[in-house]
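Novice: Got a structure here, written out as structure tokens. Questions coming.
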């Protein structure tokens, strides 16, 4: 392998090792301005997209410990990586795809587990990690709140009865 290809492969390996996930997308048909828009939107989700040469990416993936990409890398492909959560990047790709009707995801990896296109779509439909934490917290707090209301009700009822009697005696 030529020295330039070795440097590029090393860069890909570093990117793959730094990210807990990557999503391979076909960007065929996107104009430069649209691709820049995609980069800007992904940056907002804590992710980035990089165009790669298929043969070099395959070698880099193997070097990064990903033995089998599961399919041939053909076409105009790019990899979306990031340090945040995969759901945010997948959601951004889904919204971009709906708006421009050009982008197509092929597959991805999350912590060395292969994801097909349907699994990536499922991740895109999930709420954010903060949203799921809020739902879980609400679910955990609901029984405690109900218990507090149940325990407080006899005292509140007694207070209403005393107030009613006091108002009745004043009248």
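Novice: Can you tell me which residues in the range 105-125 are in a strand (DSSP E or B), farther than 22 Å from residue 17 by Cβ and in contact with a helix residue (DSSP H, G or I) (Cβ under 7 Å, 6 or more places away or on another chain)?
Specialist: None - no residue of the range 105-125 is in a strand (DSSP E or B), farther than 22 Å from residue 17 by Cβ and in contact with a helix residue (DSSP H, G or I) (Cβ under 7 Å, 6 or more places away or on another chain), so the list stays empty.
Novice: Does residue 53 fit the bill of being touching a helix residue (DSSP H, G or I) at 6+ places or on another chain (Cβ under 9 Å), modelled with pLDDT of 85 or more and either at positive phi or in the same structural domain as residue 92 (by TED's automatic domain parsing) (or both)?
Specialist: yes
Novice: Out of contact with any strand residue (DSSP E or B) (no Cβ under 6 Å at 6 or more places or on another chain), closer than 26 Å to residue 14 by Cβ and modelled with pLDDT under 85 - does that describe any residue in the range 94-108?
Specialist: The answer is no, given that none of the residues of the range 94-108 is out of contact with any strand residue (DSSP E or B) (no Cβ under 6 Å at 6 or more places or on another chain), closer than 26 Å to residue 14 by Cβ and modelled with pLDDT under 85.
Novice: Further, regarding this structure: Just to check your reading of the model, which residue among 89, 78 is touching a strand residue (DSSP E or B) at 6+ places or on another chain (Cβ under 7 Å) and in a strand (DSSP E or B)?
Specialist: 78
Novice: Still on this model: Does residue 141 satisfy the criteria of being in contact with a strand residue (DSSP E or B) (Cβ under 9 Å, 6 or more places away or on another chain), free of Cβ contacts under 8 Å to residues at least 12 places away in the same chain and surrounded by 10 or more Cβ atoms within 10 Å (Cβ to Cβ)?
Specialist: It is false that residue 141 is in contact with a strand residue (DSSP E or B) (Cβ under 9 Å, 6 or more places away or on another chain), free of Cβ contacts under 8 Å to residues at least 12 places away in the same chain and surrounded by 10 or more Cβ atoms within 10 Å (Cβ to Cβ).
The values are calculated or read from the model by the stated rules, or taken from the named source; none is laboratory data. All figures in this text were calculated on a predicted structure; none of them were measured in a lab. As a convention, Cβ positions derive from the backbone with ideal geometry for all residues, glycine included, and neighbour counts pool all protein chains shown.
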